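Written out below as structure tokens is the structure these notes cover.
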Amino acid sequence: MLHRPLIPMLLSFTGGILVSYKALHSYPDLSIPVFLSVAFSLLAYLFLPSRLRLYCLLLAFFLTGIMLEQGKHSPSRLMPFATQRTKAIIEGTVLEPIRIINDMARLKVKADLLFVEDKTVPVNDNVSVSIYNHIPPVRPGERIRFPARLRPFKNFNNPGRYDYESAMRLKGFTCAASVSDGRRIVPMGPGHLSFPRGLIERIQRPVRDFFRKRLNDQDYALFRALILGERQGINQELRELFNQTGLGHVLAVSGLHIGLVAWMTFFLFKWALSRSYNLPLKTDLLRITALLTCLPVIGYTFLAGYQISGQRAMTMALIFLWSLIFRREKDVWSTLAFAALVILTIDPHAIFSISFQLSFSAVIGILWLAPPLLNKILSPAETTQTKNTIFKRLYIYFIGLFVVSLSATIFLLPLTIFYFHRVSLVTIPANLTVVPILGLWVLPFGLLCVAALPFSFEIAGLFLQLGTWGLHAMMEIIRFWAGFPWSNLWVITPTFSEFLMFYSLMLLLFFIKRWSWAKKGILALVLLILLDIGYWTYSVGFSKQLKVTFLDVGQANSALVEFPMGKKMLIDGGGFPRDHFDVGRMVVAPYLWHSKIRRIDYLVLSHPQADHMNGLRFIARNFHPKEFWYNGDEVEKASFKKLMAIIESKKIKKFLPADLAGGMEINGVKVEIIHPFPHTHSTELFDRGTRLNNNSLVLKISYGGKSFLFPGDLEQQGEEVLVSNAGQVLKSDILLSPHHGSKSSSSKEFLRMVRPRVCVISSGEGNFFNFPHQQTLERLRDIGCRIIRIDQTGAVQCRVGGKRFEISTFVKK
């Protein structure tokens, strides 16, 4: 480690960033004291003995990490208005092409003026603008003015959540804004795009327009992603093909694309320069080639939008090229550490981005695992021999590509599972067959098209057509691999301790012949892994407790019931009316995977409305439910039809209230359906406008002297029928507030009959309906009920077992 000082320096620098971010974020005034400490450390370095100097330098790097991270906490004048969800008029410049999702669109706008309450407030913030209805044809660089409601980014606060708030901050956004009608967006003429954004748009616009005229929708979307770094046109179906095959990285211009461009141009320049007889004799050909390769690397990064992932990949590529120029190419670990230091110095928060972690982890895996794997397959003579036949060279090339893919896949496995919850079983053959086409066919002709465009549309069109044939071949291969039913698996999320065990086991296996104690360490790790498996197997499949978890799904309902001895039930799955966000996949499933749950036995739909139904489709498709309980109501909505189609295709048994009359016992837990009564018709009992709500399936679950009531979206009419039919059966300890705490529900008579000790209210913070209503909260307080609002506490979990009854919440940070 001491002969590579950049590595401990990087670790110290990273440690400073992490300490500042996690522990010192509430102390914004530390910059000056930390700066003075850095200066003192560097001064002490000059006078301390040589054996202490390294430690002094490491301290300086640690403190520098703290100082730079502290500098990222700049105040925003827009954020206070977003926190209050203020209605305002915003004026600013469109930064990126519009992204259309079904009947809505998203824009990235650089806001510089805010008009609120007859005041003009100058701001300097990036805003993610959602536009509903009548999407306007705005373009990057255009100045617009529009009325909107501001709002902060909010997480769904469940264990295992995706940190959406941090992700949007890392992308440079301050807050979000919603525009109800795109016709209210007023063009204000040309805006100001700062450098390099203005230059990039001038380069990209003619290329984008040329692609639009010459290509069909899918080819246009893919070429924009691969050449211009714009993924706005990639729909969910197309993205899923890449994700299934482990090729999701192909759609984002990052290390793969920059590396392919560097590799192609490096060998092209080297071949061209080596044609000269005198040049190799007079100069160092390797240095000149590396220097020339820097230009296309920089050029492609700018062409692809100079996005954050591209910037990092460009920085890494340039540093590796300059290591060739300075003849330090053999010390690849120090080069990698230096690249990371440069990137983190520019943006300390890059360490928290998925792209940074995956890129550097992939390179570490390749540098560490690829050489020994390659030596096992190929002899040194085979890799160094220059007079190999063309077939031998192709063989060596594909073996090298296989080893690189395998090394990166193995090393990235815990990270990819943690972030994406899935493993592609065809990722290696897919990469082996797709990456060569991308690197040797699609990208070269796409870039040649861009280079020819200023001179000749005909030649540019020819290159684009040639690239399109390669793109079609690539997509056929991707569809082939994605067509296997076993092509990918959804998997449970690893814990931090499991991360440590995986990488520790890999390290010990790698050094098993060098370290005498490695075998004992491997044995100890295997025992720990077995204990970990045993713990989770018991906890998920053999626990004698009843656990009920009310999930945070925003303005919606979803609750997981974990019965003793392993059976699982999901009551509703949340969802949004416009269905542009899959709550089942992005919110409910990550909690299940975090809890090591891979199967849901019973799927329950209280009533077919979006905020209860839409999230169930993903669960029904991927968590192998055996039974589907619902009230029998059917609606003419695409999401309901898709759900029922999945139920049919998966051969899941359907149960109506008549089938469940009298209730059932599941591993000692009594489950009762107490509304609607079998063979009753909602059309005769309830008003048309509230019929779906009032006919909600109502469940009562009882165990160990405690009971839970799930009343769906019952309103007052439904509550009256329920009280009349069920009477004293309604008495329950924990009540899920009907209809999200609406004043039209939780009537006094209903609450008097239920007499809950605890009422859990599932409603989104700052929701359009202002749920829960004050009248509902007052009625609950009047009966002495403890109120738990999921929008304030996050997910709520209740545990019942023996004499034990506990309630815990995932408190928002």
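The values are calculated or read from the model by the stated rules, or taken from the named source; none is laboratory data. Computed from a predicted structure; not experimentally measured. Every residue, glycine as well, gets a Cβ built from its backbone with ideal geometry; the counts of neighbours run over all protein chains shown. Protein only, heavy atoms only, side chains kept; ligands, DNA and RNA dropped before computing areas. Shrake-Rupley method; radii C 1.70, N 1.55, O 1.52, S 1.80 Å.
Just a few scattered comments:
- Criterion (touching a His at 6+ places or on another chain (Cβ under 8 Å) and either modelled with pLDDT of 90 or more or open to solvent by 50 Å² or more (accessible area, probe 1.4 Å) (or both)) met by exactly one of Lys72, Lys87: Lys72
- Selection within the stretch 8-29: residues that are open to solvent by less than 50 Å² (accessible area, probe 1.4 Å) and more than 29 Å from the chain's Cα centre (by Cα). The member of this set that is farthest from Gly71 (Cα to Cα) is Pro8.
- Filter result (of a type outside the set (Val, Ile, Thr) and either surrounded by 17 or more Cβ atoms within 10 Å (Cβ to Cβ) or modelled with pLDDT of 95 or more (or both)) within the stretch 125-137: Asp125, Asn126, Ser128, Ser130, Pro136
- Restricting attention to the stretch 783-813, the residues that are acidic (Asp, Glu) and either in contact (Cβ under 8 Å) with a residue 12 or more places away in the chain or surrounded by 15 or more Cβ atoms within 10 Å (Cβ to Cβ) (or both) total 1.
- Some residue of the stretch 713-731 being within 37 Å of the chain's Cα centre (by Cα) and over 22 Å from Ile787 (Cβ atoms): no
- Residue list for the stretch 160-209, restricted to those being closer than 19 Å to His134 by Cβ and touching an Asp or Glu at 6+ places or on another chain (Cβ under 8 Å): Pro187, Met188
- Residue check, Arg328 open to solvent by less than 40 Å² (accessible area, probe 1.4 Å) and among the basic types (Lys, Arg): no
- Scope the stretch 524-560; condition among the hydrophobic types (A, V, I, L, M, F, W, C) and under 26 Å from the mean Cα position of the chain (by Cα); matching residues: Trp536, Val540, Phe550, Leu551, Val553, Ala556, Ala559, Leu560
- Considering residues of the stretch 410-448 that are hydroxyl-bearing (Ser, Thr, Tyr) and farther than 28 Å from Gly467 by Cα only, the residue surrounded by the most Cβ atoms within 10 Å (Cβ to Cβ): Thr416
- Residues of the stretch 566-581 satisfying the condition of being touching a Gly at 6+ places or on another chain (Cβ under 7 Å) and either open to solvent by 10 Å² or more (accessible area, probe 1.4 Å) or among the polar types (S, T, N, Q) (or both): Gly566
- Test for Ile437: is it over 16 Å from Phe510 (Cβ atoms), modelled with pLDDT of 90 or more and among the β-branched types (Val, Ile, Thr): yes
- Test: residue in the stretch 43-51 that is open to solvent by 70 Å² or more (accessible area, probe 1.4 Å), under 25 Å from Leu341 (Cβ atoms), in contact (Cβ under 8 Å) with a residue 12 or more places away in the chain and not in a helix (DSSP H, G or I): no
- Among the residues of the stretch 677-712, just one is touching a Pro at 6+ places or on another chain (Cβ under 6 Å) and within 11 Å of Asp633 (Cβ to Cβ), namely Asn695.
- Filter result for the condition that a residue is closer than 23 Å to Ala482 by Cβ, out of contact with any Lys or Arg (no Cβ under 8 Å at 6 or more places or on another chain) and either open to solvent by less than 20 Å² (accessible area, probe 1.4 Å) or not in a helix (DSSP H, G or I) (or both), over His257, His249: His257
- Residues satisfying the stated conditions in the stretch 365-393, i.e. of a type in the set (Val, Ile, Thr), modelled with pLDDT under 70 and open to solvent by less than 60 Å² (accessible area, probe 1.4 Å): none
- Of the residues examined, Thr289 is not one that is polar (S, T, N, Q), under 18 Å from Ile200 (Cβ atoms), in a helix (DSSP H, G or I) and in contact with a helix residue (DSSP H, G or I) (Cβ under 7 Å, 6 or more places away or on another chain).
- The single condition among (1) in contact with a His (Cβ under 7 Å, 6 or more places away or on another chain); (2) under 23 Å from Phe195 (Cβ atoms) that Gly141 does not satisfy is (1).
- Here Ser808 fulfils each of the conditions (1) closer than 21 Å to Asn694 by Cα; (2) not in a helix (DSSP H, G or I) apart from (1).
- Within the stretch 87-109, tally of residues that are under 24 Å from His580 (Cα atoms) and either in contact (Cβ under 8 Å) with a residue 60 or more places away in the chain or aliphatic (A, V, I, L, M) (or both): 16
- Restricting attention to the stretch 763-782, the residues being open to solvent by 90 Å² or more (accessible area, probe 1.4 Å) and assigned to a helix (DSSP H, G or I) number 4.
- Verdict on Leu63 being modelled with pLDDT of 90 or more and open to solvent by 30 Å² or more (accessible area, probe 1.4 Å): no
- Residue ID - nearest to the chain's Cα centre (by Cα), chosen from residues in the stretch 179-209 that are surrounded by fewer than 17 Cβ atoms within 10 Å (Cβ to Cβ) and over 30 Å from Pro454 (Cα atoms): Ser180
- Residue check, Phe398 at pLDDT 95 or above and open to solvent by 30 Å² or more (accessible area, probe 1.4 Å): no
- Every condition in (1) among the hydroxyl-bearing types (Ser, Thr, Tyr); (2) more than 28 Å from Ser558 (Cβ to Cβ); (3) open to solvent by 40 Å² or more (accessible area, probe 1.4 Å) is met by Tyr164 except one, and the failing one is (2).
- Test result for Leu78, closer than 22 Å to His25 by Cα, in contact with a His (Cβ under 9 Å, 6 or more places away or on another chain) and surrounded by 14 or more Cβ atoms within 10 Å (Cβ to Cβ): no
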